[in-house]
Structures are given as C-alpha cells and as structure tokens.
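Working notes, beginning with the structure itself.
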Amino acid sequence: MNLFKLIKAYWRGFVGGPDFNRDICHRFMLEDKQLTIKVPDSNVVAEYSPNKVKIPHTSSQWFTKRAKTYRQHCFVQMMTENWMYMPPIALFPSSEYGMFSCQLRIKQVNTINVLDKTVLSRYVTQAYDDFHNGPDGTNTELRRRVVEQSSKMARPYKPEQLEEEVAEHIELQGNPPLAPAIIKNFNQLAWVFYREIKNNHKSHNDFYCLPLSKRSFLEVKFSHRVDLSNKHKKWAKHAFASQERIMASIYLDDAPLTQEPLIG
C-alpha cells in the first residue's frame, strides 16, 4: 500500500469495501425485460457470477429445479458479490471488521398477487413472523424454554406473567416483529424495502423487492455482517452509501430486438 492510500485508510479507519473504480456491468434477460446492474468487483473469493443470463422467472418448473430454501426464503440465486472491510494494517489473522454483500435472486409466490405492492409489503414481513413463530422458529423454541422453566418453579408464572416473560426473551434473544415494509424508488422503479435485524445485533439484512409478474419478483439482498461491533461505525456509512449506489445502477428495460447469445 502506497503512502497516500495508507493515509486515506487511516483517515477512513478501514480498507476494503466496494471500489466503484472497478465496476462490472451484469445483464440478465428476464423474459421480455432486460435487467442491468453495476457492481464493483469482489475483493474476496465469491461464487462465479455470470454477466449474461436468461431468467425464465415465470416458469414454475425452472424455479422448482433451481430454488434454494433458507429460513422463510425460497429463491433462485442470480448473482452474488462480497466485499470485506479490514483494518488499515491487519496485525493478526481474522481481524476483519465485517463483510458487505449483494445478492440478486428470483422468488415465486402462489398465494398473493405480487403486482400489488401493498400486499407484497405485508407478505414479506409476515413470512418472517410466521417462520420464527412456527414449528422450527427461534421464538417458538424460546417460548418452550420459558414454559418449561415456569413448570419447574415453586410458583409458576401466571398466564399474563408468562406472556410478559416470553415477550422479553423474544425481544432480547429472538426475532421480534419487523418494521413495516416501505416503498423506495430508484430509476422510476418502485421497490418494496424491508430490513431483517435483531435488537441485540448490529448485523442486518436489507431487502429490495420488485414485482415482475403476478407470481414472481426480483429481490436484491444486501447483507451487513459485523464481526467486530466496536469497529462497525468506521465502515457502516460507506457500506450503506455503496448499497444505495448499487440500487441506483439498476435498470429494467424492454428487451432489445437483437440479442447476443446468453447463458440459459
């Protein structure tokens, strides 16, 4: 690292993160639409992200064959880029401050009309609540523990006390309800935005959802993984500004009449 870069790194408090001097333009054919997005090249090893891809997002067969499931999310991954934030001088291994990542994915839903953004806004946050309060959810496990603890007490909690205790445990250790989703606009595209975050963690995930058809939508997920919480202030603002800049680079236009060969 030359002297100028070292001084800049000390002034900012970190090295790494997205470098917009090294943009890569990715292009995806979403049936009759063309999606373009510019993201900086990753500064860590990441999955290969092709920049010319056909996405038949309305095909249930295509989706079922390729979809992954994680918690309440069922999606087909299109692209992933990661950027590590590090101290200006790393004195020991695993000294990274955290990692910022961007992932494009397609989702399909058969229970709502995705084109209705008000309905979609309720759906994405309700799906989160339903999962974490469902059979395999963290909140359900916390409730089970509190009920078990109460049953072993000489004077078990009264019903209202039990609910208060459960609510407190969920607030501190579980997954309390999310803030309502809102609409954010970029390039005349109205995205449904919501954030997954816990009260006792600085790490969080931001989601931007754009309807593509009655049953499918594009989702852009930004993950802010905080490894050293006392260093988060140093890079949090830069990561969020990068997130906004990436979203501002996204365009959805009619597919060109003549197309280059794309990966299926």
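Each value in this text was obtained by applying a stated rule to the coordinates, not by laboratory testing. Please read these numbers as outputs of a predicted model, since none were measured by experiment. Cβ placement follows ideal geometry from the backbone for every residue including glycine, while neighbour counts extend to all protein chains displayed.
For the stretch 131-161, a residue qualifies if it is under 30 Å from the mean Cα position of the chain (by Cα), of a type outside the set (Val, Ile, Thr) and not in a loop (DSSP other than H, G, I, E, B), and the qualifying residues are 131, 132, 139, 141, 142, 143, 144, 145. In this structure, residue 236 does not satisfy being in contact with a strand residue (DSSP E or B) (Cβ under 8 Å, 6 or more places away or on another chain), part of a loop (DSSP other than H, G, I, E, B) and either crowded, with 18+ Cβ neighbours inside 10 Å or small (Gly, Ala, Ser) (or both).
Give the residues of the stretch 111-144 that are closer than 15 Å to residue 167 by Cβ and loosely packed, with under 13 Cβ neighbours inside 10 Å, sorted by residue number. Selection gives 144 alone. Scanning the stretch 163-208 for residues that are in contact with a helix residue (DSSP H, G or I) (Cβ under 6 Å, 6 or more places away or on another chain) and touching a residue at least 60 places away in the same chain (Cβ under 8 Å) returns 181, 186, 192, 194. Checked against (1) out of contact with any strand residue (DSSP E or B) (no Cβ under 7 Å at 6 or more places or on another chain); (2) in a strand (DSSP E or B), residue 199 passes all but a single condition, namely (2). Filtering 190, 181, 154 for residues that are over 24 Å from residue 123 (Cβ atoms) and either among the small types (Gly, Ala, Ser) or touching a Gly at 6+ places or on another chain (Cβ under 6 Å) (or both) leaves a single hit, 154.
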